[in-house]
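In what follows, a single structure is set out as structure tokens and then discussed.
The values are calculated or read from the model by the stated rules, or taken from the named source; none is laboratory data. Bear in mind the structure is a predicted one, so any value in this text is a computation, not a measurement. No Cβ is skipped: glycine too gets one built from the backbone with ideal geometry, and neighbour counts run over all protein chains shown. Surface accessibility is based on the protein's heavy atoms, side chains included, excluding ligands, DNA and RNA. Shrake-Rupley method; radii C 1.70, N 1.55, O 1.52, S 1.80 Å.
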Amino acid sequence: AERNLRRSIALCHEIEDERHEAIGHQNLGRLRTYQGLFEEAEAELGLAHSLFERHNDQQAEGIVWAYRVLRALLMNTPDAALEAARRAHALADVNHNERDIIRAEWLIGAALVAQAEGVEHARSSLAEAEVHLTTALTRCRKINLIELEPDILLAWAKWHRRSGNAAQARAD
């Protein structure tokens, strides 16, 4: 995957197709995130973001912020995840893209659930997460967006576990 993404980036750079070059950097950043190479991931996501910003592609910028949320969650930095999720949500609202709004609602909820662990204000974080996760799941099911539903249900499972309901966590 890495070799193919790097080749795609090089080819797009050679033919001066910055949009697809940015998509390559974005996907390489996501791959690096899942590999646990967080500094490299941020470098790639930063490159993608600057290229999308140059072309005023706010929808793609929102996806970069969503990938930054995933990176922050995997790094166990929930405050950074929440900040990135709110940025993704703001861009999704501007573009009125339902898929991006659902993704952002899920990520805000997931970041709040992660933030609730060990925080003295865990109840308020969980209450706010409940609103975002409910919105995400409701909107997801309304348009039958099955690609995001498993991730939303996993966030719900974590929410139920942190709320002390292990049976519902297992069910989700």
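Per-peptide packing, taken as the mean over residues of other Cβ atoms within 10 Å, places 56-62, 152-158 in the sequence 152-158, 56-62 from highest down.
Dividing the helix sum by the residues of the chain, where each DSSP H run of 4 or more adds -39500 (n - 2.57), gives a mean residue ellipticity at 222 nm of -27500 deg cm²/dmol. With all protein chains present, how much of the accessible area of the chain (probe radius 1.4 Å) comes from carbon and sulfur, to the nearest whole percent? On the chain, the fraction of accessible area on carbon and sulfur atoms equals 50 percent. For segment 20-92, the spread of Cα coordinates along the three principal axes comes to 32, 24, 12 Å, biggest extent given first.
Between the helical axis of 18-34 and the longest alpha-carbon principal axis of the chain there is an angle of about 40 degrees. Counting Lys and Arg as +1 and Asp and Glu as -1, what is the net charge of the other residues whose Cβ lies under 9 Å from the Cβ of Ala111? Cβ neighbours under 9 Å give a net charge of -1. Measure nothing fancy, just the Cα-based angle from helix 122-142's long axis to the longest principal axis of the chain, in degrees from 0 to 90, nearest 10. Value to nearest ten degrees: 70.
Sequentially through segment 147-155, phi angles give Karplus couplings (6.51, -1.76, 1.60; θ = phi - 60°) of 5, 9, 4, x, 5, 5, 5, 5, 5 Hz, Gly and Pro residues having no value and appearing as x.
Angle of helix 2-14 to the longest C-alpha principal axis of the chain, folded into 0 to 90 degrees and rounded to 10: 50°. Remark on segment 120-172: ratio of C-alpha radius of gyration to 2.2 N^0.38 Å is 1.15. Computed over Cα pairs, the Kirkwood radius of the chain leads via Stokes-Einstein (0.692 mPa s, 37 °C) to a diffusion coefficient of 198 µm² per second.
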